[in-house]
Amino acid sequence: MSGVEMEDDKGADDEKGVERRSGTIQSVSIAARFLTILADAEGPMALGELARRAGTGTSTAHRYMQSLIKEGLAVQETASGRYDLGPTALDIGIGALRRIDAVEVAARHMKALAMRIAASGGVAIWTDRGPTVVRWYRSAYFSISAIGLGDVLPLDNTACGLVFQAFLPPERIEVARRLQPAPFRGKPPAARDLARIRESFGHELSGHLLSGIAGQAAPVFDAQHEVACVVTTTTGTALPEADRALIFAAAREASAEAGGAGAYGRP
């Protein structure tokens, strides 16, 4: 018996001991670890690399991978011997994505944020009339009553409207532009301004909607890397930079939960 195998057998005994103490099925946790590593990888992986990242011996990794292959959760390339996610793992992932509501995920993040900083905020979706507020939470530190559920926000004079314009097809924008009142439409943004919003994944405007009030907005992407909604806030103009960063971080976290984290890695 090789040193590696002896080391792996000892690890298996240790795993059983942990199972007895914790009341959990340790083998399931280890299998999930291998699946997570495969999901995070850029492509198929060699057995040795899988074992290294999982913190196990190669024979332990081999046993787990063979079990995952048997259940369709992993596959092994014939030519290279490398491992990748299998069709059952894909089915599970798609099933999970079907159950994710990006708006509800974003709303949860914005409700928590409104309790932490001096910013009232919520979530807007796109309708034929433009950005429409579907969730709104008043901050304990700063509240503006001019915005509420169901309100349609100006297309060109709000950070939210500009973020939608940056990430939606122009033809959808034009439908709303024709339906919105003239004061809402304002002056269409320049292409370079929309490009900057796409690069920074967010925008801030001050004094455009109401005097002395700043608005911030950032996109939330779904698993198809499309804009599912936009998180938006209203604040006083003296909002600290750290708090502004939290607003944009909330959009990224909501995107990650909704399966759209990859949108931030696109050119």
For the range 20-81, dividing by residue count, accessible area per residue (probe 1.4 Å) in Å² works out to 60
Per DSSP, the loop-located GluC sites (Glu not before Pro) within the range 28-71 having at most 10 other beta carbons within 10 Å are Glu42
I'd like the accessible area for His225: 1.4 Å probe, protein heavy atoms, all chains in place, Å² to the nearest 10. 60
Using a 1.4 Å probe and ignoring any ligands, DNA or RNA, find the accessible area of Ser67 and quote it in Å² to the nearest 10. 70
Add +1 for every Lys or Arg and -1 for every Asp or Glu among the other residues with Cβ under 15 Å from the Cβ of Ile37, and state the total. 0
Keeping every protein chain in place, order Thr234, Thr56 by accessible area at 1.4 Å, biggest value first, i.e. largest first. Thr56, Thr234
Apply 1/(1 + (r/R0)^6) to the Cβ-Cβ distance of Arg33 and Ala190, taking R0 = 51 Å, and write down the FRET efficiency to the nearest 0.05. 0.55
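The values are calculated or read from the model by the stated rules, or taken from the named source; none is laboratory data. Everything quoted here is computed from the prediction, not taken from an experiment. Here Cβ is always computed from backbone atoms with ideal geometry, including for glycine, and neighbour counts include all displayed protein chains. Calculation scope for accessible area: heavy atoms of the full protein, side chains included, ligands and nucleic acids excluded. Shrake-Rupley method; radii C 1.70, N 1.55, O 1.52, S 1.80 Å.
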